[in-house]
Amino acid sequence: MADPERVAAARRFNRFYTRQIGVLRKNFLDSPYSLGEARVIYEIANGTSPTASEIGRALDLDAGYLSRLLRNFEKRGLVARKVSAKDARQSHVALSARGRKAFVLLDALSQRDIGAMLDRLKPAEQTRLIAAMQTIESLLGGAHETKQQKTKQQSRSYTLRAPLPGDLGWIVQRHAELYAQEYQWTEPFEGVCAQIVADFCNNFDPERERCWIGEMDGEKVGCVFVAKDSDEVARLRLLLVEPKARGLGLGTRLTEEAVRFARAAGYKKMTLWTHSVLKAARHIYQKAGFKLTRSEKRTSFGQPVVSEHWDMEL
C-alpha cells in the first residue's frame, strides 16, 4: 500500500499540472475543440489512416464515446472513413482538408503555449524540467506494459521537441563537425548549413514550417527541418543523428514526423537533397516513401560526390 503522504503529493501534482496546461478548460488551447477532440485529431494526423479501434487503444478511450466523437467529426467535415480492405467491419479514418487545417491550428497553439511555459525558465531549468518529465513517462509508462512493449520503449528512449535558444547554432556546428570527421567534408559545407538555418529563421512560417530536436537524457542527439519550397512543395532539410543515438530509430522517427507535418500542413509533395555516400539517410528516405529522381557526379566540399534529389507525393 502506497504511503498516504506520497499519494497526497501525487494528487497535488496532478491538480497543479492539469491547471498548468488547461485540461479543465471547455475549449482546449482556446481552440474550438475540447481536449478529447484535440487528442483524437492529433492521433489521426500522426497515424497512417488508423482504424477507430486503433485510435481507441492508443488513447484508452471508451468505444461509445469515440464512436460519437467520430460521427460528429464526419458531420463537421473533419474526417473521412474508408472501409478496410482486410476487414469490412473496420473503417480507416483520415483527416479531410478541413481536418488537416484543424490539426495545424492545434499543433501551432500547442507549440505556442508549451514554448511560452518553457520561456519562463532558464535553459538549465528547462533541461531539468524535461528530464523530470521523461522520468515520469518512463516510470509510469512502463507500469502495465508487456515485456515486448517495454523493450520497444527502451529502444526509443529519446524525445522530440521544438528548438530552444542556441539549438540552431548547435545544428550548424554538429553538421560541420560530424561531416568533417566521417566524410572529410570541408568548406563551404558549414556555410551551406548556416545559410539553410538563417533562411529558416528569417522567413519562418509557423503554420507550414517546423524544426524538431531529438533529445536523450537531456542531451541533443538529432534534428530535422521542414522548410517551405513553394505553396505545394515542402523540403526536408538537415536530418542529423548523433553517433551515440544511432540504431534507436531516431532518424526514422524524425523523418516520419516531418512527413506527417508536411502532409497535415497541406503540401502536395516533399523533396530533399542528399548524397549517395550518406547510406543510412538514403535508407531512411527510401523507407519513408521518397524516390530518387535525379543524381549527378560533382566535386563538393572538397570531395568527389554524387549529388541526389529525392521526391515523394503526399
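Remark: MET216, MET1 ranked as MET1, MET216, counting other beta-carbon atoms within 10 Å and listing the fewest first. Angle of helix 279-288 to the longest C-alpha principal axis of the chain, folded into 0 to 90 degrees and rounded to 10: 40°. Only helices enter the 222 nm calculation for the chain: every DSSP H run of n ≥ 4 contributes -39,500 (n - 2.57), and dividing by all residues gives -16000 deg cm²/dmol, rounded to 500. Once the Cα atoms of helix 167-183 and of the chain are each reduced to a long axis, what angle between those two axes, in degrees from 0 to 90 to the nearest 10, is obtained? Computed tilt is about 50 degrees.
Is the range 180-243 rounded, prolate or oblate when judged by the Cα gyration tensor, a ≥ b ≥ c being the square roots of its eigenvalues, rounded requiring a/c under 1.5 and prolate requiring a/b larger than b/c? Verdict is oblate for the range 180-243. Applying the Karplus relation 6.51 cos²θ - 1.76 cosθ + 1.60 with θ = phi - 60° to the range 93-107 yields 3J(HN,Hα) values of 10, 9, 6, 7, 4, 5, x, 5, 5, 4, 5, 4, 4, 4, 5 Hz, where x marks Gly and Pro. Remark: the range 4-106 is approximated by an ellipsoid whose semi-axes, taken from the C-alpha gyration tensor as √(5λ), come to 30, 17, 10 Å, largest first. Between GLN20 and ALA280, the distance separating the two model label sites (each 7 Å from Cα on the Cα→Cβ line) works out to 3.4 nm.
Relative to one another, the C-alpha centroids of the range 180-259 and the range 277-314 are positioned 15 Å apart. Look at LYS228, LYS287, LYS269, LYS26 and count the other Cβ atoms within 10 Å of each Cβ; fewest to most, that gives LYS26, LYS287, LYS269, LYS228. Here the range 49-78 and the range 6-20 have alpha carbon centers that stand 29 Å from each other. Counted by neighbouring Cβ atoms within 10 Å, the residues ILE136, ILE55, ILE21 run from fewest to most as ILE136, ILE21, ILE55. Give the shape of the range 156-313 as rounded, prolate or oblate, defined through the alpha-carbon gyration tensor: a ≥ b ≥ c are the square roots of its eigenvalues, a/c under 1.5 means rounded, and otherwise the shape is prolate if a/b is larger than b/c and oblate if not. Rounded shape, in that the Cα axes give a/c under 1.5.
Throughout, read-outs are computed from the coordinates displayed, never taken from laboratory work. All of these numbers come straight from a predicted model, not from anything done at the bench. For neighbour counting, all protein chains shown are included, and Cβ atoms are generated from backbone atoms with ideal geometry for every residue, glycine included.
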